[in-house]
Structure formats: structure tokens, C-alpha cells
Amino acid sequence: MGRLRIKRIGVMGGTFDPIHTGHLVTAEEALHQFKLDEILFVPSGHPPHKEDRESLDPESRYIMTVIATATNPRFRVSRMEIERPGPSYTIDTVKELRRLYGANSEIYFITGADAILEILTWKEPEKLLREAMFIAATRPGYELRRLEESLPQEEKERHAVAPRVLVMEIPALAISSTDIRSRVREGRPITYLVPQGVREFIEKNGFYR
Ligand code: NAP
């Protein structure tokens, strides 16, 4: 009898305020480049590093993520972080996914390179780096050295960060949630930058005005 095949799960972590085409291209490219079986989008409930700006409420960010991913059979969305009370720590999400998917699975946590630069300041970084692989999505021209140099050498070795972080260049990440929010506020178009259903949902609810 053959051995059980390891299931490779991509986990797209983000605030998704709002989700946009750049995120969708990132997820599809990760699926392809790293031969993942599926992508689970996990919108943050209460982003831990964000006291400066109020994000849209978690339920609305979740609904937009569902609308954006609904037609892709390999994309799913989890309510895990929006239902967990307190700040959304990635380690808690990874532990919960490990329990759900079991030993025959590998977790690839996909997020923006700027977020991953800070990974050693996240909760339980050593455990986190043992439990999952990380895919840092960047726009072309991003100084990859910044990622490499973000830690002093001895720290890098102590935490063994480098071998656990993979990098992926995504031209579509010229699109950003910050730009979409300013466009809405200034009455400029967001057509094609977000899926049509997401644009209509933003308009219907008067978000970001
Ligand atoms: P952020 O600081 O808002 O984003 C940093 C950069 O990454 C932005 O340019 C952002 O662009 C981009 N980005 C975010 N998510 C992305 C994704 N899935 N794919 C491609 N680009 C992405 O980051 P955040 O959204 O708050 O946090 C990212 C993830 O890291 C979340 O899952 C969060 O829970 C986790 N995190 C965990 C801890 C912790 O455990 N202590 C601390 C910080 C972050 P857009 O604005 O266009 O998305």
C-alpha cells in the first residue's frame, strides 16, 4: 500500500480591507508555484499590530473575501480569526489548523513581505516557524535584501528564519488596499482592481467614503 500523500495547505492571512485582485493573483500563483492543494483565506479578526487605523468590521471584511473567492473551487474562507476573541495571533491559527488537518499536512502561511519582515516580533516566533512554512509576497523591485537583512545574523541562525521563508514576486501587488480606500474616498474608480461583486458590496454599504 502506498504512503498517505501529504496535503499542502496554503493559508492566506491578511486584514483584507478590502480584498483585491492582487491578493487573488497571489493566492493563485502560490497554488501553482508551491504545488498547494488548496488555499484557505483567513481574514484577521482584530489585527495585532494595528492600533493606528480602525479597520472595517471583521464580518464585512469576511463577506468581501467570500464574494471574491466564491467561484474558485480551490479557494475557501475561514471564520476562525473573526470568531476568536482578542487579537488574531498567527500562532493560534496555525495550531488550530494543525489540529484540523492532522499530521499528514503542511501549512504554507502566505502574506505580504512587509508583514513577514516583522515575524520575530509576533507571538511565539520560534514555535510558529517550526509549525509552518512562510511565503512572502512582494511586488517586483522590492528590496529582497531587506527581508534577509531584517535580522542580525546570530538571530537568523538561532531562529532558523531564512530556510522557512520563501519569496514570491507578484506584479499584481502594485494594487493595494490602502490605494483602493483612497480611491473610494476621492471618488476615483476601483473597477478591475477588485472583483465586481466586491466593488458593488463596497458601494452598496458606503464603505471607505
Ligand atoms: P499589513 O501590515 O496590513 O500588510 C503589510 C503589507 O502586506 C501590505 O502591503 C499589505 O497589502 C500586504 N499583504 C497583507 N496580506 C497579504 C496577503 N495575504 N497577500 C499579499 N499581500 C498581503 O498586514 P496585515 O494584513 O495586518 O497582516 C498580515 C498577516 O500577518 C495577517 O494574517 C496577520 O494576522 C498576521 N500577523 C500576525 C501577527 C502576530 O501573530 N502577532 C502580527 C502581525 C501580522 P494590502 O494592504 O494591500 O493587503
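Residues in segment 85-97 that are at pLDDT 95 or above and either of a type in the set (D, E, K, R) or open to solvent by less than 40 Å² (accessible area, probe 1.4 Å) (or both): 90, 91, 92, 93, 94, 95, 96, 97.
Would you mind stating whether residue 75 is open to solvent by less than 30 Å² (accessible area, probe 1.4 Å), in contact (Cβ under 8 Å) with a residue 24 or more places away in the chain and within 11 Å of the ligand (Cβ to nearest atom)? Against the criterion (open to solvent by less than 30 Å² (accessible area, probe 1.4 Å), in contact (Cβ under 8 Å) with a residue 24 or more places away in the chain and within 11 Å of the ligand (Cβ to nearest atom)), residue 75 does not qualify.
Could you check segment 185-209 and list, in sequence order, the residues that are within 16 Å of the ligand (Cβ to nearest atom) and either open to solvent by less than 30 Å² (accessible area, probe 1.4 Å) or part of a loop (DSSP other than H, G, I, E, B) (or both)?
The answer is 190, 192, 193, 194, 195, 198, 202, 207, 208.
Taking segment 120-130 as the search range and keeping residues that are part of a helix (DSSP H, G or I) and near the ligand (Cβ under 8 Å from one of its atoms), which one is surrounded by the fewest Cβ atoms within 10 Å (Cβ to Cβ)?
121
Kindly indicate whether residue 47 is outside any strand (DSSP E or B) and away from the ligand (no atom under 11 Å from the Cβ). No, not satisfied.
Against the numbered list (1) assigned to a strand (DSSP E or B); (2) buried (at least 22 other Cβ atoms within 10 Å of the Cβ), residue 9 comes up short only at (2).
Just need a number here: residues in segment 34-62 that are of a type outside the set (Lys, Arg) and within 16 Å of the chain's Cα centre (by Cα).
Total satisfying the criteria: 17.
Inside segment 22-40, residues that are under 13 Å from residue 108 (Cβ atoms) and not in a loop (DSSP other than H, G, I, E, B) make up a count of 10.
The values are calculated or read from the model by the stated rules, or taken from the named source; none is laboratory data. Given the structure is predicted, the values throughout are model-derived calculations rather than measurements. Every residue, glycine among them, receives a Cβ derived from its backbone with ideal geometry; neighbour counts consider all protein chains shown. Note: areas computed on protein heavy atoms with side chains; ligands, DNA, RNA excluded. Shrake-Rupley method; radii C 1.70, N 1.55, O 1.52, S 1.80 Å.
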